[in-house]
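So the structure is just underneath, and the comments pick up after that.
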Amino acid sequence: MEKNREWITGMDLSTLLEVEQCGGTFYDRGQPGDAMDILKKYGMNMVRLRLWNDPFDDKGCSYGGGGNDLETTLKLAQRARNKGMGWLLDFHYSDFWADPGKQVIPKAWQGMNQEQLEEAVYSYTAQVLRCCRERGLTPSIVAVGNELSNGLLWPCGKAPDYKSIVRFVNAGIRAVREADSSIQVMLHLDNGGNRELYRTWFDQYFANGGEEFDYIGLSYYPFWHGTLDMLRDNMKELAHRYKKRMVVAEVSMGFTMEDYQEYEMLPSSRRKGMATRPELVEHIGYPMTREGQSQFMRDLLEVIRQVPENLGCGFFYWEPAWLPVAGSEWATPEACEYLHEKGPGGNEWANQALFDYDGNALPTLETILKMTEQLVRERLKSGQCGNMCRD
């Protein structure tokens, strides 16, 4: 595959096994089916899967959120590969969620100094990719860290200590390059509408000797990260400044504000509630309806299409199949103890999925298919879209 001639219609399906094990089922036009098959029908050509080092407590109790240890992640990767799709491996370098608000060192690495942490990142990355290769599951893309806006492996690699951040990231990149030179490397930040964040982070990254990589990944959630115009402006500036391919590595939009407590079967005291709180969504330029979700995705794809030099290469919709089934929660009590958070648990994301609460495919999938087919046709006509577009 030519490196700068591709289009990604991706989905993060990291909780899928857990949802299925808890009884979640999926339908398209009334017909039951595998969620991956349904999403592939609507254009999905890549799956994004997160990896946590050891998402269990010392008694073996799962932290929840999909339980994405290596075995779980590779089971999902194998399903994607069997269906002819590539996959992105998203290293969190933590035993549970890592994002701009938390980057907790894995239990097995706690107490290590910087040199030891650097070696741990390198060795762990190499070990995981060796296991992938042995199973015939080498990923197409590897994200070295998840939402690195404020660094990783806190407190050792916390912004603004970019020297330490780069040290750890470089260790992961070296391990990827040595494992298989065909694997593409992504560096992923949150807050895709924040131009200053991206300019500062990547300027500091290169100033401190950051290794070369292939993709800039951006998270963009309209209820947290500003307007689509802000995302457009940031991606245009990144294209001119760094000449890197870009993927909106996480995105979603709600289709309803209707509660789903009856599906979760949890008391109010056990539920964290929807991430899309009313005070956040009242400022979004789209209604939280099926039509609003479809229009948002149509406009998002247009933003990506407009990135100069065709450096906008696609998106990954975040957790489109996370149904509000009893037993699939963002965090168990054991996880909250590991994160030093109060909790509670429950599902924060079901009203932003691409399936309704009963598992029925939503109209937004048809919008995604039509928009991506049009975009791919344009790029094929101009000679700017290669093998991945044809998958």
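Okay, here's what the table says:
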item	result
Sequence-distant residues sharing a close amide H with Gly314 (under 5 Å, placed H)	Ile8, Val248
Whole-Hz ³J(HN,Hα) from phi, Karplus 6.51 cos²θ - 1.76 cosθ + 1.60, for region 313-330, glycine and proline x	10, x, 7, 10, 6, 8, 6, x, 10, 7, 5, x, 8, 4, x, 10, 10, 5
Prolate/oblate/rounded label for region 234-360 (Cα gyration tensor, a/c 1.5)	prolate
Euclidean distance between Cα centres, region 336-373 to region 138-191, Å	26
Fewest-first sequence of Val185, Val248, Val303 by Cβ atoms within 10 Å of each Cβ	Val185, Val303, Val248
Reported label for calculated percent of Cα pairs over 31 Å apart given [x] 48; [y] 32; [z] 60	[y]
Proximal charge balance of Cys131 [Cβ under 13 Å; K/R count +1, D/E count -1]	0
Table column - 3J(HN,Hα) (Hz), region 266-279, Karplus curve with 6.51, -1.76, 1.60, x for Gly and Pro	10, x, 4, 5, 9, 10, 6, x, 5, 5, 7, 6, x, 5
Loop sites in region 80-120: trypsin sites (Lys or Arg not before Pro), DSSP, at most 12 other Cβ within 10 Å	none
Residue order, fewest to most surrounding Cβ atoms within 10 angstrom, among Leu280, Leu375	Leu280, Leu375
Region 106-197: C-alpha gyration tensor shape, a/c 1.5 cut-off, then a/b vs b/c	oblate
Total formal charge among the other residues, if their Cβ is under 12 angstrom from that of Glu337, Lys/Arg +1 and Asp/Glu -1	-2
Charge-dipole axis of region 8-390 as Lys and Arg at +1 and Asp and Glu at -1 on Cβ define it, positive-most pick from Ile304, Gly273, Ser123	Ile304
Proximal lysines relative to Lys158, as straight alpha-carbon distance under 22 Å, when same-chain residues fewer than 8 apart are discounted	Lys102, Lys107
Hydrodynamic radius of region 141-246 per Kirkwood, over alpha carbon pairs, in Å	14.0
Calculated [θ] (222 nm, deg cm²/dmol) that DSSP helices of n ≥ 4 give over the chain, each run adding -39,500 (n - 2.57)	-11500 deg cm²/dmol
DSSP bridge pairs, region 40-153: antiparallel proportion in percent, nearest 5	15
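All of the numbers you see were taken from the coordinates with simple rules; none came from a lab. The structure displayed is predicted, hence computed values, not measured ones. So basically every Cβ, Gly included, is an ideal-geometry build from the backbone, and we count neighbours across all protein chains shown.
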